Amino acid sequence: MSAQRNAPILQVQNLTTSFRTDDGILTAIEDVSIDVHPGETLGIVGESGCGKSVTSKSIMRLLPTATSILSPESKIMFDELNLAHCSEKDMRSVRGARIAMIFQEPMTSLNPVFTVGWQLDEALSYHTDLSKSGRRQRSVEMLRLVEMPNPEERLDEYPHQLSGGMRQRVMIAMALCCEPEILIADEPTTALDVTIQAQILKLMEDLKTRLNTAIILITHDLGVVAQVCDHVCVMYAGRVIEKGTVREIFHTPQHPYTRALLESIPKSGRREHGKRLPTIEGVVPALNNLPPGCRFAARCSIAEDQCIHNEPDLKDHAFSGRPVRCHIPINQTTAAAGSKGQA
Amino acid sequence: MWNYIVRRLLYNIPVYLGIILLLMALLRVGAADPAYTFLGKNAEPGDLERIRQQLGLDKPFLVQYFHFLWDVLTLNFEQESWGRPGRTVGEMLSTAYIPTLMITVPGLMITATISICVALISAFNRGRFADRILMVAAVVGMSVSFLVYIIVGQYYGAFQLKEWVGTEVFAIEGFDMEKNGFISGWLTYCALPVIISVIVAMGYDTRFYRAVMVEESTKDYMVTAKAKGAGRRKVMFVHMLKNAMIPIITRIMTTLPFLIVGSVLLEYYFNIPGMGNRLLGAIADKDFPVIQTFTAIFAVVFILSNILTDVLYALVDPRVRLQ
């Protein structure tokens with residue numbers, strides 16, 4: 001984890017994204033700040049609707065321009081460029097070339113009417129000076145890199161001729177073909193079955209070390225996080241509520257939500273007979289009906305009066321020095337998940 | 001692919017036999033005796049007999065059926081028209097389809113081109129001012145009756161324009177392509193009906209094409225293309241348009257058979273001796289041989305254009321395999 005000591009290549013500061021809707025302007029994510037360091041994997045975790053995908057799409061500026069607004073204070077510093085407010089032309093030179101993205105649904109993310117080769121070639125044609133044959137050669141190399149069997153033949157096939165795992169490999173090959181500094185993976189394994197999931201994760205890990213690409217991994221699967229992430233950022237209802245290294249988050253969660261998330265993972269070999277798996281009661285509050293206080297208060301087991309009336313800030317925990325957004329953060333050295341204290 | 005086409009043609013043989021069976025049955029069930037219907041209540045028994053014999057109506061139904069099938073198969077359209085004695089069905093129809101095609105073919109091509117372009121502009125500027133104006137225009141355009149366009153078109157396009165210019169620019173009767181050469185003939189007799197047919201179809205088509213394009217624009221692959229660094233134009237005109245062409249082609253293809261029938265209303269109001277007008281006349285005259293033959297030919301055109309649609313479908317959509 002030496003990579004962490006380097007200066008971050010991407011600094012997201014106070015990112016606030018709102019949408020124009022029929023109910024007025026709704027803020028989907030508020031004040032999100034994250035740092036991405038070269039060669040590290042940052043996991044963004046949270047349940048559905050908490051703003052993970054909006055965060056990633058805001059960074060790539062892939063949200064519909066007509067309905068989405070990035071607040072003026074939002075800063076997405078990538079080198080000297082503020083991606084939040086740079087021109088579309090600058091953005092285009094970044095997209096695919098320096099920051100690439102893969103998506104949740106490999107079945108629909110590839111264009112069905114163009115061949116795999118055409119789609120790889122397209123990505124290369126935007127950002128490299130390679131000749132047509134050079135691009136083809138590079139496409140084959142990339143497919144080989146993502147362990148695609150018979151890469152030459154695959155180039156002339158259409159997406160529907162490939163399985164889900166294969167398509168995700170093509171997506172990864174396409175994303176990495178211009179050797180981006182950052183790869184944003186938005187739930188890359190959610191739609192795949194478990195064995196393929198493991199293969200894809202391993203592939204991403206290998207490529208990360210090989211190409212020294214930083215990865216932002218968006219997922220709701222804590223198992224995946226534990227497996228591949230260096231740093232974790234937990235989100236809830238559009239807010240970052242806790243940040244830390246994967247070890248810290250799993251061993252000493254400080255936010256009650258993080259702890260509840262960890263408790264709701266089924267654990268093999270440690271089954272407590274007769275006990276139901278703990279769950280988090282209730283749902284994420286709707287964006288047009290956010291509570292005045294802590295957004296998690298209604299579902300929190302230890303909420304107090306102040307939690308219901310005042311929203312806590314994201315501030316460093318007195319004990320660990322890690323940022324957490326909670327009035328009464330859990331102060332403990334032995335983890336809720338039951339592992340031995342290692343803080 | 002040829003394999004597929006041949007197979008489809010073979011599959012459609014029973015379909016076609018069924019269509020002819022139904023057609024002949026319906027023509028004979030509706031009016032117990034077509035000859036009687038044609039000649040009226042006071043027909044002489046001798047005339048009735050003659051006309052029945054001419055079409056073989058006195059023979060058993062099955063014999064008539066195979067007889068008619070054989071005529072269609074051997075392209076034998078030598079039966080005499082009842083409405084215009086002395087002319088054969090073949091003559092009636094072969095002279096009618098040219099004027100029809102002169103209106104329907106340019107009409108379809110112009111409509112498709114313009115409405116796809118307008119839909120693209122609209123979808124590209126989705127939600128913005130240009131899009132709203134175009135869609136309001138499309139709704140207004142499709143809400144006005146066909147007849148209103150014909151009346152207004154004839155009044156201003158033919159009558160008023162003639163007063164104003166001094167000579168006849170667009171004519172609404174006396175269809176004659178031979179008189180001043182093809183181009184000037186076409187402009188005089190066909191241009192105005194073509195313009196009207198384009199205006200009528202534009203509203204519907206533009207809205208449909210725009211809806212298809214907007215739908216495609218929300219697909220995941222569009223985001224992927226953008227994430228790769230593609231510009232807005234490339235995303236719209238390459239990624240989206242090729243996908244949108246699948247439903248667009250289907251829609252255009254479903255109108256192909258109607259190229260042959262033409263627009264009954266337009267031909268009627270502009271006195272164009274085309275298929276639509278002929279068919280209308282045949283129905284009014286109870287011209288049994290013409291109706292029967294026309295319908296049989298139309299069914300062939302319909303089946304062929306369905307097969308053509310499937311073949312084209314496979315050409316644009318790699319997921320469709322012809323097997």
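The values are calculated or read from the model by the stated rules, or taken from the named source; none is laboratory data. Everything numeric here is computed off the predicted structure, so don't read it as measured data. Here Cβ is always computed from backbone atoms with ideal geometry, including for glycine, and neighbour counts include all displayed protein chains. Side chains included, ligands, DNA and RNA excluded: accessible areas come from the protein's heavy atoms. Shrake-Rupley method; radii C 1.70, N 1.55, O 1.52, S 1.80 Å.
Couple of notes before you dig in:
- Selection within the stretch B:66-125 - over 30 Å from B:G18 (Cβ atoms) and in contact with a strand residue (DSSP E or B) (Cβ under 9 Å, 6 or more places away or on another chain): B:G86, B:R87
- Failed criterion for A:L63 (all others in (1) more than 14 Å from chain B (Cβ to nearest Cβ); (2) touching a residue at least 24 places away in the same chain (Cβ under 8 Å); (3) within 25 Å of the chain's Cα centre (by Cα); (4) farther than 21 Å from A:L201 by Cα hold): (1)
- Qualifying position, being within 14 Å of chain A (Cβ to nearest Cβ), within 30 Å of B:K219 (Cα to Cα), touching a residue at least 24 places away in the same chain (Cβ under 8 Å) and in contact with a helix residue (DSSP H, G or I) (Cβ under 7 Å, 6 or more places away or on another chain), among B:A123, B:A112, B:A130: B:A123
- In the stretch B:303-313, of all residues being open to solvent by 20 Å² or more (accessible area, probe 1.4 Å) and out of contact with any helix residue (DSSP H, G or I) (no Cβ under 6 Å at 6 or more places or on another chain), the one that is farthest from the other protein chains (Cβ to nearest Cβ) corresponds to B:L304.
- Selection count, the stretch B:70-98, where residues are open to solvent by less than 30 Å² (accessible area, probe 1.4 Å) and either over 18 Å from B:I283 (Cβ atoms) or of a type in the set (A, V, I, L, M) (or both): 8
- B:F294 vs. criteria more than 14 Å from chain A (Cβ to nearest Cβ), open to solvent by 50 Å² or more (accessible area, probe 1.4 Å) and either touching a residue at least 12 places away in the same chain (Cβ under 8 Å) or outside any helix (DSSP H, G or I) (or both): no
- The strands (runs of 3 or more DSSP E) found wholly in the stretch A:200-255 and carrying at least 2 residues that are touching a Gly at 6+ places or on another chain (Cβ under 8 Å) occupy A:214-219, A:231-236.
- Every test in (1) surrounded by fewer than 22 Cβ atoms within 10 Å (Cβ to Cβ); (2) at pLDDT 90 or above is passed by A:T209 save one, and that test is (2).
- Checking each residue in the stretch A:68-92 for being more than 23 Å from A:E30 (Cβ to Cβ) and in contact (Cβ under 8 Å) with a residue 40 or more places away in the chain picks out only A:D79.
- Within the stretch B:214-249, restricting attention to residues that are within 8 Å of chain A (Cβ to nearest Cβ) and outside any helix (DSSP H, G or I), the residue that is most open to solvent (accessible area, probe 1.4 Å) is B:K219.
Yes/no per residue for (1) more than 10 Å from every other protein chain (Cβ to nearest Cβ); (2) among the basic types (K, R):
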| site | (1), (2) |
| --- | --- |
| A:H127 | no, no |
| A:G134 | yes, no |
| A:S139 | yes, no |
| A:P149 | yes, no |
| A:E157 | no, no |
| A:R169 | yes, yes |
| A:A173 | yes, no |
| A:E179 | yes, no |
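- Verdict on A:L130 being in a helix (DSSP H, G or I) and at pLDDT 90 or above: no
- Selected residue (only one of B:I98, B:I103, B:I121 is part of a helix (DSSP H, G or I) and closer than 30 Å to A:T65 by Cα): B:I121
- Criterion applied to B:I151, B:I199 was being closer than 28 Å to B:T254 by Cβ and either in a loop (DSSP other than H, G, I, E, B) or open to solvent by 40 Å² or more (accessible area, probe 1.4 Å) (or both), and the one residue passing it is B:I199.
- For the stretch A:66-109, the candidate set comprises residues that are under 18 Å from A:I218 (Cβ atoms), β-branched (V, I, T) and open to solvent by less than 20 Å² (accessible area, probe 1.4 Å); within that set, the residue that is farthest from the other protein chains (Cβ to nearest Cβ) is A:I76.
- Selection count, the stretch A:110-125, where residues are surrounded by fewer than 17 Cβ atoms within 10 Å (Cβ to Cβ) and either in contact with a Gly (Cβ under 6 Å, 6 or more places away or on another chain) or at the interface with chain B (Cβ under 7 Å from one of its Cβ atoms) (or both): 0
- Of all the residues in the stretch B:259-274, those that are open to solvent by 10 Å² or more (accessible area, probe 1.4 Å), within 25 Å of B:V148 (Cβ to Cβ) and in a helix (DSSP H, G or I) number 6.
- The condition of being within 28 Å of B:V261 (Cβ to Cβ) and either more than 21 Å from the chain's Cα centre (by Cα) or of a type in the set (G, A, S) (or both) holds for only one of B:G174, B:G166, that being B:G174.
- Hits in the stretch A:1-39 (condition: touching a residue at least 40 places away in the same chain (Cβ under 8 Å), part of a loop (DSSP other than H, G, I, E, B) and open to solvent by 40 Å² or more (accessible area, probe 1.4 Å)): A:M1, A:D23
- Scanning the stretch A:40-65 for residues that are surrounded by fewer than 20 Cβ atoms within 10 Å (Cβ to Cβ) and at positive phi turns up just one, A:G49.
- Residue-level check: of (1) touching a residue at least 24 places away in the same chain (Cβ under 8 Å); (2) open to solvent by less than 10 Å² (accessible area, probe 1.4 Å), B:L256 misses just (2).
- Hits in the stretch B:118-146 (condition: over 28 Å from B:M236 (Cβ atoms) and either open to solvent by less than 70 Å² (accessible area, probe 1.4 Å) or of a type in the set (F, W, Y) (or both)): B:V144, B:S145, B:F146
- Checked against (1) at pLDDT below 90; (2) open to solvent by 10 Å² or more (accessible area, probe 1.4 Å), A:R154 passes all but a single condition, namely (1).
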